[in-house]
Amino acid sequence: MKGNLFILCLILTVSAIGQKHSIYINYKPSFTYFGKQSQSFHNYYFASRKGDQTFNNSFNILYSYRFSSTITLATGLEYSQQGQNINFNADSAFPSANRQILKTELNYLRIPFTINYSILKMKKSELNIYSGISLGLAIKRKDNYQNIILEDILLPPAEKRYKNKDWAIPIGVNYKKELTSKVSANFGCEYLVGLTNAFSENGASKFGVLSEFHNSKQNRLALNIGLGFSVTK
């Protein structure tokens, strides 16, 4: 009798532990931008000092561990398209002439680590807020700068002008709705606060008009749509 009771307790314990582990798959349509650029002098190349908020996409797969009834730790891998499109009045002192778009593509594999806190719990749903740190490893660094701006000095390749690592802080809110005992739907939004200037420290990285980009920290505002799967033993 005692042996059977011990086995039953062990099974229930393993099952409870399994419920603490979840896998989430999310799609994040997003707007990315460098933020406002500062200018040391009037430069007619700039149609806008802010640039345009540029639509991009992100996807991630996250592993989540429920540490307590209100605190969850999450980490995983994220593919994040970042960068920005910026209007330039290329090769003209007249704002309306020969306008072109500087397209900067900086795509990363990001490794986020966040702490999630449940602020509202209902029977089959909960509302969480979260924050943490995110490391980005560049897998694409590209722009069309020298196709639209004619300068006498040839810049290094984009791979050498932009840093290959990027640090950021994700801040988000997420609503989770239980669909079945093992599947849940997730909806939310996230703001990724850039900590790293995108340009490398090499002086040749920012020549001519690019020297005006003193603030090249990347930011991202994204929706979050996904599914969660409880991992049980």
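The values are calculated or read from the model by the stated rules, or taken from the named source; none is laboratory data. Owing to the predicted nature of the structure, the values given are computational and were not obtained by experimental measurement. Heads up, the Cβs are rebuilt from the backbone with ideal geometry, glycines too, and the neighbour counts pull from every protein chain shown.
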Those residues of segment 74-99 which are at pLDDT below 95, in a strand (DSSP E or B) and surrounded by fewer than 16 Cβ atoms within 10 Å (Cβ to Cβ) amount to 99
Scanning segment 100-134 for residues that are among the aliphatic types (A, V, I, L, M) and over 30 Å from residue 182 (Cα atoms), the one surrounded by the most Cβ atoms within 10 Å (Cβ to Cβ) turns out to be 106
For residue 2, the lone unmet condition from (1) closer than 24 Å to residue 164 by Cβ; (2) among the basic types (Lys, Arg); (3) modelled with pLDDT under 50 is (1)
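So that you can scan it fast, the table gives a plain yes or no per residue for (1) farther than 18 Å from residue 140 by Cβ; (2) part of a loop (DSSP other than H, G, I, E, B); (3) modelled with pLDDT under 90:
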residue: 172; (1), (2), (3): yes, no, no
residue: 175; (1), (2), (3): yes, no, no
residue: 185; (1), (2), (3): yes, no, no
residue: 192; (1), (2), (3): no, no, no
residue: 210; (1), (2), (3): yes, no, yes
residue: 224; (1), (2), (3): yes, no, no
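Residue under question is residue 106, and the condition is that it be closer than 18 Å to residue 61 by Cα and at pLDDT 90 or above; does it hold?
Details: closer than 18 Å to residue 61 by Cα: no; at pLDDT 90 or above: yes.
Judged against the criteria, residue 106 is not a match.
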